[in-house]
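**Student:** Questions regarding the structure given below will be posed in turn.
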Amino acid sequence: MISKLSYLLSEGIRSLWRAKLPMLGSTLTIALTLLIFGGAYVVLSNFDRATRRLQTQYRVDIFFDPLLSNQEAFNVYQKLRSIEGISSTEFINKERAAEIFKQEFGEDVMEVLGTNPLPAGGIVLVARGYRTARRINRIADTIATIPGVTDVAYRGELVRVIERYLQIAVYGGLAVGLIVLLGAVFLVSNTIKLSIYAKRDTIDILYLLGATRKFIRFPFMVEGVLQGVLGSVVALGVVIGLLDIVNYVLEQFVLYRVIQPSYLPGWLVSMGIILGVIGSSRSIRKFLNPKNLGTR
Amino acid sequence: MIEFRDVTLTYQRGPGVFDISFQVDTGELVFLVGPSGAGKSTILKLTYMDLMPQKGEVEVNGFLTYRTRRRYVPLLRRTLGLVFQDFRLLPDRNAYENVAVPLHIIGLSRREIRERVYSALEDVGLSERTHHYPRELSGGEQQRVAIARAIAKNPAVILADEPTGNLDAAIAMEILDLLTFLAEENGSTVVVATHDYTLTTRKQGRLIEINEGRLLD
């Protein structure tokens, strides 16, 4: 059994070596497909990272009644904490509000007016699962109904824009990914089919000599796995190279680096193996049909 | 042991074989003789179950056509040694590897495979050419490799379909002598399909004549 298995494994490796040209074609097809996937994966994960950076936009500013003292305003503020969908809150008393005003406008209200008319306020950050325009709206509406709250402000339009683009990116990415995947399986299995076609006599002879279909299929599967691994290594090399070039160019202009997702190597190699195996099994199926075996 | 019982198989594009009945006993040498297109290859294909009869049944080494499902056909073929007119060697494997293939299929250990391959190649006089590829061998040598491949697994039955068809007369005789000698030494049953009657006169064997798909009395 071990002897047979090692023979079949070595047959797979050797058969890859024997048919170098068709192997190169299939490997490059897999590499090209994975390059498209890898590129899309890098773009999407960087887009996701960028949108996560914008999470400060998922912030609601609350202004309490200016007539309320700090203590009274704090009592109202305590009620915010029980609202569903809030990840953190911060209380801004009247003095802190005046400081912020000074930082932003350069004027000290106490010096100008002799009194502090600014209301106490609060900052609320929306929890991750609630960061949609509809849910933020609902949270803001709930806050607005609390007695003692006079105004609620958030950047609703920006949230809606982010949401829309993210949705387009995700659905668009999925649709394009699905089309590319189907195309890739078709392309890879056709390329592999060409290389198997050249071996149809070998398949017939093996069958005549008493080989089962499993015995015949196994080396082709090994070949598929190896082509997938080789293709993914090529694709990974190109993606990493391109990332270096893009980052080198970006460095000249902005303080932003495109990152390489940590799962990229594992993801590309797995995709490569899956593509190689599906391609091989799809192609060999026709040649292993009992109706087509031996009688050619 | 091979037995055909009232076997009929017709092709869509032409005749096949009709009401064929015969038996070949263990260790027997049989020549299946007839002109081209007589149905000799069809009978051999029915024997190694590449084709299945439309009527009647074939029994080979305990395998019955009507009971043997497609996926068990390889098990039958492991008990047979097949030799073809066009040799059917794997072009990208050398003589040693070609002879070793059916032994790997059976699942023998590497050591046993090595011993059997070298012994078989020595038997056919090719121990000096083990690492030569088919393209580097003459027609006669290629057929010797094919015979070594058939003999190496000690098959119960050897089926040879026009084994000398592509060889000149002298080499043809040599190949037939070798095939029958090794089969006899091995105790294998041998069926040789040929259109060449002169070959059959040189060997002590039973003749089964066929013409237009029917056996002649």
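**Student:** Past 23 Å, Cα to Cα: identify those pairs from A:K214/A:K286; A:K286/B:K153; A:K20/B:K153; A:K193/B:K40; A:K214/B:K55; A:K193/B:K45, in the order given. Don't skip to the answer; put the middle values down first.
**Tutor:** Numbers: A:K214/A:K286 14 Å; A:K286/B:K153 30 Å; A:K20/B:K153 32 Å; A:K193/B:K40 34 Å; A:K214/B:K55 31 Å; A:K193/B:K45 28 Å.
Distance filter (> 23 Å) returns A:K286/B:K153; A:K20/B:K153; A:K193/B:K40; A:K214/B:K55; A:K193/B:K45.
**Student:** Calculate the dipole size of chain A relative to its Cα centre from +1 charges on Lys and Arg beta carbons and -1 charges on Asp and Glu beta carbons; express the result in debye to the nearest 20. Kindly include the intermediate steps, with their values, before the conclusion.
**Tutor:** Details: 33 positive and 22 negative charges, 548 e Å.
I would put it at about 2640 debye.
**Student:** Okay, moving on. Count, for each residue of B:106-113, the Cβ atoms from other chains sitting within 10 Å of its Cβ, then give me the mean as a whole number.
**Tutor:** On the way: counts 3, 7, 2, 4, 4, 1, 1, 2.
Rounded to a whole number, the mean comes out at 3.
**Student:** Given charges of +1 on the Cβ of Lys and Arg and -1 on the Cβ of Asp and Glu, with all other atoms neutral, how large is the dipole of region A:1-147 about its Cα centre, in debye to the nearest 20?
**Tutor:** On the way: 18 positive and 14 negative charges, 304 e Å.
So the dipole magnitude of region A:1-147 works out to roughly 1460 debye.
**Student:** On the accessible surface of chain A, probed at 1.4 Å, how many percent belong to carbon and sulfur atoms?
**Tutor:** Working: 10750 of 16640 Å².
Carbon and sulfur atoms account for 65 percent of the accessible area of chain A.
**Student:** Please give the average number of partner chain Cβ atoms lying within 10 Å of the Cβ of each residue in A:209-218, rounded to a whole number.
**Tutor:** Values: counts 18, 16, 7, 7, 3, 2, 4, 2, 0, 0.
Mean partner-chain Cβ count within 10 Å for A:209-218: 6.
**Student:** Counting only C-alpha contacts under 8 Å and six or more residues apart, can you give the relative contact order of chain A as a whole percent? Working shown, then result.
**Tutor:** Details: 365 pairs, mean separation 87.5, N = 296.
Relative CO of chain A lands at 30 percent.
**Student:** Something else about it: Heavy atoms only, 1.4 Å probe, whole protein assembly: order A:Y154, A:Y77 by accessible area, highest first. Working shown, then result.
**Tutor:** Values: A:Y154 65, A:Y77 5 Å².
Ranked from most to least accessible, the order is A:Y154, A:Y77.
**Student:** Of the peptides A:122-132, B:11-21, B:72-82, A:107-117, how do they stack up when ordered by the mean number of other Cβ atoms within 10 Å, highest first?
**Tutor:** On the way: A:122-132: 17.5, B:11-21: 14.3, B:72-82: 21.0, A:107-117: 11.2.
Taking the mean over residues of other Cβ atoms within 10 Å, the ranking is B:72-82, A:122-132, B:11-21, A:107-117.
**Student:** Out of all DSSP beta bridges with both ends in chain B, state the antiparallel percent to the nearest 5. Don't jump to the answer; show the numbers that get you there.
**Tutor:** On the way: 15 of 34 bridges.
The antiparallel fraction comes to roughly 45 percent.
**Student:** Could I ask something else about it? Can you pull the mean other chain C-beta count within 10 Å for peptide B:79-91?
**Tutor:** 2
**Student:** Just to verify a number: what accessible area does B:D123 come out at with the full protein assembly present, 1.4 Å probe, Å² rounded to tens?
**Tutor:** Ignoring ligands and nucleic acids, B:D123 comes out at about 70 Å².
**Student:** How many square angstrom of accessible surface are buried between B and A, both sides summed, with a 1.4 Å probe and rounding to 100?
**Tutor:** 2300 Å²
**Student:** What number, in percent, do you get for the relative contact order of chain B if the mean sequence gap of Cα pairs under 8 Å and at least 6 apart is divided by its residue count? Display every interim value, and only then the final one.
**Tutor:** Details: 409 pairs, mean separation 68.8, N = 217.
Once normalised by length, the contact order is 32 percent.
**Student:** Identify, among A:V222, B:V157, B:Y48, the residue whose Cα sits farthest towards the positive end of the charge dipole of the protein assembly as shown, taking +1 on the Cβ of Lys and Arg and -1 on the Cβ of Asp and Glu, with the dipole about the Cα centre.
**Tutor:** The one lying farthest along the dipole's positive direction is B:Y48.
**Student:** Given R₀ = 30 Å, what would the calculated FRET efficiency be for A:S3 paired with B:F22, taking r from the Cβ atoms and rounding to 0.05?
**Tutor:** Working: r = 39 Å, r/R0 = 1.31.
Computed FRET efficiency for A:S3 and B:F22 comes out at 0.15.
**Student:** Count charges around B:G56 for me, please; just the other residues with Cβ under 10 Å from its Cβ, Lys/Arg as +1, Asp/Glu as -1. Don't skip to the answer; put the middle values down first.
**Tutor:** Numbers: positive: B:R5, B:K55; negative: B:D6, B:D19, B:E57.
Once positives and negatives cancel, what remains is -1.
**Student:** Give the shape of chain A as rounded, prolate or oblate, defined through the alpha-carbon gyration tensor: a ≥ b ≥ c are the square roots of its eigenvalues, a/c under 1.5 means rounded, and otherwise the shape is prolate if a/b is larger than b/c and oblate if not. Walk me through the numbers on the way to the answer.
**Tutor:** On the way: a/c = 4.62, a/b = 3.26, b/c = 1.42.
Since a/c reaches 1.5 and a/b is larger than b/c, the shape of chain A is classed as prolate.
**Student:** What are the ³J(HN,Hα) values, in whole Hz, obtained from phi via the Karplus relation 6.51 cos²θ - 1.76 cosθ + 1.60 with θ = phi - 60°, for each residue of region B:66-75 in sequence order, with x given for Gly and Pro?
**Tutor:** Result, rounded to whole Hz: 6, 10, 8, 7, 3, 6, 9, 4, x, 5.
**Student:** Further question on the same structure: Mind ranking A:164-174, A:269-279 by how tightly packed they are, going by the mean number of other C-beta atoms within 10 angstrom, highest first?
**Tutor:** Values: A:164-174: 12.5, A:269-279: 21.6.
Packing proxy ranking, top to bottom: A:269-279, A:164-174.
**Student:** Answer with one residue from A:A235, B:A172, B:G39: the one whose Cα lies farthest towards the positive end of the charge dipole of the protein assembly as shown, charges on Cβ with Lys, Arg +1 and Asp, Glu -1.
**Tutor:** So the residue we want is B:G39.
**Student:** Probe of 1.4 angstrom, ligands and nucleic acids ignored: what's the accessible area per residue over chain B, in square angstrom? Don't skip to the answer; put the middle values down first.
**Tutor:** Working: 9690 Å² over 217 residues.
Result: 45 Å² of accessible area for each residue.
**Student:** Suppose every Lys and Arg Cβ carries +1 and every Asp and Glu Cβ carries -1, with no other charges. What dipole size does region A:67-128 come out with about its Cα centre, to the nearest 20 debye?
**Tutor:** Values: 6 positive and 9 negative charges, 73 e Å.
With only Lys, Arg, Asp and Glu charged at Cβ, the dipole is about 360 debye.
**Student:** A further question follows. Tally Lys and Arg at +1 and Asp and Glu at -1 over the other residues with C-beta under 14 Å from the C-beta of B:V30: what net charge comes out?
**Tutor:** Surrounding charge for B:V30 is -3.
**Student:** Convert each backbone phi in region A:67-83 into a coupling constant with the Karplus relation 6.51 cos²θ - 1.76 cosθ + 1.60 (shift: θ = phi - 60°), then list the ³J(HN,Hα) values in order as whole Hz, x for Gly and Pro.
**Tutor:** 7, 6, 6, 4, 5, 5, 5, 5, 4, 5, 4, 4, 5, 5, 5, 7, 6
**Student:** Could you point to the residue in A:G85, A:I274, A:T51 farthest towards the positive end of chain A's charge dipole, with +1 and -1 charges on the Cβ of Lys/Arg and Asp/Glu respectively?
**Tutor:** My answer, from the dipole projection, is A:I274.
**Student:** Oh, and also: Starting from the residue with the highest accessible area, list B:E185, B:E112, B:E141 in decreasing order, probe 1.4 Å. Mind showing how you got there, number by number?
**Tutor:** Values: B:E185 125, B:E112 70, B:E141 40 Å².
Putting B:E185, B:E112, B:E141 in descending order of accessible area: B:E185, B:E112, B:E141.
The values are calculated or read from the model by the stated rules, or taken from the named source; none is laboratory data. Quick caveat: nothing in here was measured; it's all calculated off a predicted structure. Cβ sites come from the backbone with ideal geometry, for glycine too, and all protein chains shown count toward neighbours. Please note that ligands, DNA and RNA were not included when accessible areas were found on the heavy atoms of the full protein model with its side chains. Shrake-Rupley method; radii C 1.70, N 1.55, O 1.52, S 1.80 Å.
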